[in-house]
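Taking it in order: structure first as structure tokens, then the write-up.
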Amino acid sequence: MTAFIEQKETRLELTRDDLIEFATNEPQRLSPGVMLRPVVQDYLLPTVCYFGGAAEIAYFAQNSEAYRVLERPVTPIHHRQSFTIVEHKHRRVLDKFHLELTDLFVGVEHLSLNLAEQDASSDTGQLFSEVEGTINEELDRIASRLAEIDTTVAANFAKRRRKMIYHLGATRKKTLLAQMRNDEVASRQLAGLFTSLLPNGGLQERSLNVFTFLNKFGPNFIEWLYEAVDLEDKHHRIVDL
């Protein structure tokens, strides 16, 4: 076994015996690699247990062999709890629009468009669908005649047809979004959902400190959250307040 140690101006080549002597006499000059780091940390600062995410837990599973070889007790690993806190006012908005947290992952614009499409009180989306259907029927008639006359002209028309339908679809999207924006209450409620439930476009745990909720709800928030803890549940969960 041979190892190499890079220094500023030299490159040392060490045998296994050299490494053992090096580790015995000057251990402070060595740094554990990625697989040894957890067991070294646990030796220096014994750990009762470790809470981690899915990726971190998988990482510990890989280096459990290092614990066995070094005859060290493996640190108990628990899955870190993952929550999204939903206040009552935001739950009302979710229920109003028949939404789940995962529906917000598409982004505010796409979600607004979906809601505008589903709005039974508006016939704008239906109007565009009907007009697009009529246009396609008439364009089919033209395409059929062009195919009989000249295939080159027919191919050129097909390209122009795709552009027409694309621009009609773009206009439809802009119109529906504008319609949604004109509903100030709905726009404000959607904005509140994203600000609270997906701050900065990510889960609350990525952006919000616990003091955000302590300032809102007081010290009782800790008890509410503690009651929601279930170490056997490895999924992200919704906590309604």
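The value of relative contact order for the chain, using C-alpha pairs under 8 Å at least six residues apart, is 25 percent. Projecting label points 7 angstrom from Cα along Cα→Cβ for THR15 and GLU56 puts them 4.3 nm apart. Just checking the listed ones, ARG160, ARG181, ARG92: in the Gaussian network model of the chain with Cα springs under 10 Å, the one fluctuating most is ARG160.
Please find the FRET efficiency linking THR47 to GLU71, where r is the Cβ-Cβ separation and R0 is fixed at 22 Å, and quote it to the nearest 0.05.
Working: r = 17 Å, r/R0 = 0.76.
E(calc), rounded to 0.05, equals 0.85.
Charge dipole of the chain (Cα centre as origin; +1 on each Lys and Arg Cβ, -1 on each Asp and Glu Cβ, all else neutral): 800 debye, rounded to the nearest 20. Normalised by 2.2 N^0.38 Å, with N the number of residues, the alpha-carbon radius of gyration of the range 90-241 equals 1.60. Consider a paramagnetic label point 7 Å from the Cα of GLU109 along Cα→Cβ; state which residues of the range 189-214 have an amide N under 19 Å from it. Once the point is set 7 Å along Cα→Cβ of GLU109, 190-195, 198-202 turn out to lie under 19 Å by backbone N, inside the range 189-214. Using the Cβ-Cβ distance between ASP95 and ASN182 with R0 set to 35 Å, the FRET efficiency works out to roughly 0.95. Taking 0.36 nm per residue of sequence separation and removing the Cα-Cα distance, the ILE149/HIS236 pair yields an extension gain of 25.2 nm.
The range 130-175 has equivalent-ellipsoid semi-axes of 23, 12, 4 Å, by the square roots of 5 times the alpha carbon gyration tensor eigenvalues, sorted largest first. Hey, if you put +1 on the Cβ of every Lys and Arg and -1 on every Asp and Glu Cβ in the chain, which of PHE211, HIS110, MET35 ends up farthest toward the positive end of that dipole? Comparing the listed Cα positions along the dipole, HIS110 ranks first.
Every number here is computed from the coordinates shown, using simple stated rules; none is lab data. Here the structure is a predicted model, which means the values were calculated and not measured. Cβ atoms come from the backbone with ideal geometry, glycine included; neighbour counts cover every protein chain shown.
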